[in-house]
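Chemist: Here you go, one structure.
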Amino acid sequence: MGIIMNNKLKRLLAVILACALISAVFFSVQANAAVTNNKVLEEIAKQTQDKNNYAFDFREDSSPKKSKMLTGGIGGSRYPDSYDLRNVDTDGDGTGDTSYVTPVKFQNPFGSCWAFAAVAAAETSILGNPLLQDDYLNTRTMDLSEKHLAWFNGTPLDDPEDPQNGEGGIFDGNKKTSQVLDSGGTPISATSMFSSGVGPVLEYGNNPKVQELFGDILEYHGKKKLIDYDNDGNPFCYSYEDDWSIDESLRFAQSFRLKSTYQLPSPAEVSPRYKASAIGAMKEQLMNNRAVEIGFCADNSQPVGADGEAGKTLYISDKWAHYTYDAKARANHAVAVIGWDDNYPKENFTHSIPDSNDSEGNEVSYSVEEAEKLTTPKRNGAWLVKNSWGAGTEDFPNYGTGDWGIPVEKKDKDGNVIKDKNGNPVMVGSGYFWISYEDKSISSVEALEFDKVNTKDYYVYQYDYMPVNSIESAAISDLVSTSNVFTAADDFNVTEITCQTTTPNTKVHYDLYALNDNFTDPADGVKLYETDVEYGWGGFHRQDLDKPAVIKKGQRFSVVVTQQASDDKYIFNTYFGINDKYADEANMLNYSKGIINEGESMLFANGQWIDMSGKWIKDFIMGEESYYVDMDNFPIKAYGDVIEEPEAPSTQPGADKPVATAKKANPMKVTLSPKSVKAKNLKAKNQTVKPLNVKNAQGKVTYKLVKTGTSAKLYGKLKINSKGAITLKKANYTKKTYTAAVKIKAAGNSKYMSKSITVKVKIKVK
């Protein structure tokens, strides 16, 4: 991996597997003045640079005060001894009758385990939520796109009109687009993507209700569906050599919205991190029908075949029982926990260990007695885990080798057991395995909760598009607050605001301000809303407002978040990813880029509001690590619905002047005709094709060619006029159909909102 500065970066990299409009805002606080005698900022810097201080690390007694977690025994004796989300008793007759777990998938040809783990957790969480039930959703049709998540995790935002344009995960290579999916990530990366509205989205191919929307573009294969075959000529996986890209217009496609995440303590037995309460915390999520994604140290970070035979592996036995006994081992693989068994025998983990190198690189060999002692946990008990290395119960492309995981009987399509010539059941790998409660590498423990997408037209005001690799956290005795400042693109109702916490029992105070015209800080204005909430676990939280707050078009407004831990200390969180400098020195092709523009994110420390856009603030907070990381804006967002009916002016509680409302603002509808255009004789002269036909547009309509996806080859060879007519410049075109992307924007008027869409225009060269 190249150079590694310290244990924090080592820990980080081991697992790396709706735009807002804003006007420039200037604050009175100067960069250098903000540092002078700012004891709070100095304390933040001291803690974030402490190599032993990690966000989401929990004390021995950590557990939510208001948690429903049961007590006693192994994580709570009142929990059942065993539980399996594939076989849940929903009618109370004592017999399992419902599965909330989708089929095992095969992640090849990419190291995208983190995306598969996050999607597996999301699929189970959605299926297990009674509020999200749908006649079309079951364990076979619930198929969210790992490709969508992985692609946009490694692809920066491409919207020249957005101040955050160019922000995101970046692949710095020119060989294959498919390498973007090999960029790697962490559970926190998936959370940051989902919370920004990037998925999760159904693949559509298996869902008859919605498969016509995007066809199969979001399924886990390249555009040509090229296939790699094994040595016996059987299809193994879709080819790495294909074009796996996804058009930028699909970045914010969503089938469900992330509501909350639950960052849980690790049950790993690494003092002082081992806690029976941590086992209970995971069980609590599973009992709420939410699978739990984890990182851990596997024998292999990617599928290479059946590795469960005793004597050939460090950590997994021939019983498909995994126990990482090395306390220095770092997570290299991500999976989804879907059940447990308190009585799973510890002896099933016992196996011989091949000669190998320890974590320091020294050659080591073990006797039978030494191996038995080392590979056997002290206690019974294990988690049931869903992997992403294929299963013999599935067909291509999720078959894999067919022999990985706990053996099960192979069945035909009618559910009948298939038998060999001797009449014995044919056994295949299920894709599942067991991992000990005491595994010393379990980390990044997280569960996800979703709700339905907003079917109304709505805005999401946000700045944090960079996939987050990790979070730094500091606990301060003096008041610390964070804020994002936005400018309203249209009249709308603020309905939800968000934050991210990192410790259990965090008390969060939210403030929403309509700012004065010449405001000097994010609290200089009319307070439209405030509330106090306590969150049991750290994670992303989307908070509903008790009553929508009206914001007028052009109004600058802010969301201010103040967090306090259970000991009343104020919490500051910093979000970062490895940058191009680290990637260059570590010989990596992917990195993160964060863009914090002036006036977007503000920190209140020692009585001063400090703009987070200056390089000096990153250098000051991160110290020597600043050279290798990029910081991102605070993950503070505001969601708003389009105002549909006129409302009388009203005064929000605590406001000192009325807030005016807007007239009805129905969304305009844009249609495109014709669906394609034809062009001739392009070698000889330029040619203008028939103008685009936009209907029901309100206000002035403008057109702009967009360089994105399949249109990239045409970009620069075309121009478009004010009437939507496209001119193709003379060139040596071949006879084929080209696709151009055009962004159409209608300015709106007093009754209708502005709206922009990007459409694809097919140009057929004859």
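Chemist: Averaged per residue, what accessible surface does region 116-170 expose to a 1.4 Å probe, in Å²? Don't skip to the answer; put the middle values down first.
Modeler: Details: 1630 Å² over 55 residues.
Ligands and nucleic acids excluded, the result is 30 Å² per residue.
Chemist: Please give the peptides 93-99, 285-291, 758-764, 221-227 ranked by average Cβ packing (other Cβ atoms within 10 Å per residue), highest first, as a rough proxy for protection.
Modeler: Highest to lowest by the protection proxy: 285-291, 758-764, 221-227, 93-99.
Chemist: Let me ask something else. Provide the gained length on full extension for the span D532 to N587, in nm with one decimal, where the gain is 0.36 nm per separating residue minus the Cα-Cα distance.
Modeler: Extending this stretch completely gives an extra 15.2 nm.
Chemist: What aspartates and glutamates sit close enough to K760 to cross-link, taking a C-alpha to C-alpha distance under 18 Å and skipping anything fewer than 8 places away on the same chain?
Modeler: Reachable aspartates and glutamates: D158, D159, E212, D216, D247, E248.
Chemist: Right, next: Could you work out how much longer the chain between Y366 and V408 gets when fully extended? Use 0.36 nm per residue separation minus the Cα distance between them, nm to one decimal. Walk me through the intermediate numbers first.
Modeler: Numbers: separation 42, 0.36 × 42 = 15.12 nm, distance 3.22 nm.
Stretched out fully, the Y366 to V408 stretch lengthens by 11.9 nm.
Chemist: Quick one: with all protein chains in place, what share of the accessible area of region 390-438 is carbon or sulfur, to the nearest percent (1.4 Å probe)?
Modeler: Reported share for carbon and sulfur atoms: 48 percent.
Chemist: Determine the shape class of region 327-377: with a ≥ b ≥ c the square roots of the Cα gyration tensor eigenvalues, call it rounded for a/c under 1.5, and otherwise prolate if a/b is greater than b/c, oblate otherwise.
Modeler: oblate
Chemist: Let me ask something else. Within region 448-604, count lysine pairs with alpha carbon atoms under 22 angstrom apart where the residues are 8 or more positions apart or belong to different chains.
Modeler: Value for region 448-604: 11.
Chemist: What are the ³J(HN,Hα) couplings of region 114-129, residue after residue, when phi is run through the Karplus curve with 6.51, -1.76, 1.60 and θ = phi - 60°? Round to Hz, x for glycine and proline.
Modeler: 4, 5, 5, 5, 5, 5, 4, 5, 5, 4, 5, 4, 6, 4, x, 9
Chemist: Would you check region 358-432 for Lys pairs whose C-alpha atoms are within less than 17 Å, ignoring same-chain pairs closer than 8 in sequence, and give me the count?
Modeler: Here the count comes out as 4.
Chemist: Round to the nearest 0.05 the FRET efficiency obtained for T737 and V453 when R0 = 35 Å and r is the Cβ-Cβ distance.
Modeler: That gives a FRET efficiency of 0.60.
Chemist: Report the dimensions of region 407-486 along its three principal axes from the alpha-carbon atoms, largest first, rounded to Å.
Modeler: Principal extents (largest minus smallest coordinate, Cα): 74, 44, 19 Å.
Chemist: Sorted by average packing, counted as other Cβ atoms within 10 angstrom per residue and highest first, what order do 145-152, 179-186 take? All intermediate terms of the calculation are to be shown ahead of the outcome.
Modeler: On the way: 145-152: 27.8, 179-186: 25.2.
Sorting 145-152, 179-186 by mean packing, highest first, produces 145-152, 179-186.
Chemist: Taking amide H positions as placed in the peptide plane 1.01 Å from N, state which residues far from N332 in sequence (5 or more) or on other chains have amide H under 5 Å from it.
Modeler: Here F296, C297, A298 satisfy the definition.
Chemist: Right, another one. Enter the accessible area per residue of region 380-455 (Å², integer; probe 1.4 Å; all protein chains in place).
Modeler: Averaged over the residues of region 380-455, the accessible area is 42 Å².
Chemist: Using a Förster distance of 45 Å, how high is the FRET efficiency between K569 and N138, based on the Cβ-Cβ distance and rounded to 0.05?
Modeler: Details: r = 46 Å, r/R0 = 1.03.
The pair K569/N138 has a calculated efficiency of 0.45.
Chemist: Here is a further query. Would you grab the residues whose amide H sits under 5 Å from the one on D490? Only those 5+ places off in sequence or on another chain, please, with H modelled 1.01 Å from N.
Modeler: G554
Chemist: To continue, here is another question. Percent of accessible area on region 511-557 owned by carbon and sulfur, 1.4 Å probe?
Modeler: Exposed carbon and sulfur together represent 36 percent of the surface.
Chemist: Let me ask you something else. Skipping prolines and chain starts, which residues have an amide H placed within reach, meaning under 5 Å, of the one on N87, given they are 5 or more residues away or on another chain?
Modeler: Y100
Chemist: Normalising by the residue count of region 484-541, find the relative contact order in percent from Cα pairs under 8 Å and 6+ residues apart.
Modeler: 42
Chemist: Residue separation times 0.36 nm, minus the C-alpha to C-alpha distance between H509 and E42: what's the value?
Modeler: Contour length minus Cα-Cα distance gives 165.8 nm.
The values are calculated or read from the model by the stated rules, or taken from the named source; none is laboratory data. As the structure is a prediction and not an experimental result, all values here were calculated from the model. Cβ atoms come from the backbone with ideal geometry, glycine included; neighbour counts cover every protein chain shown. All accessible areas refer to the heavy atoms of the entire protein, side chains included, with ligands and DNA or RNA removed. Shrake-Rupley method; radii C 1.70, N 1.55, O 1.52, S 1.80 Å.
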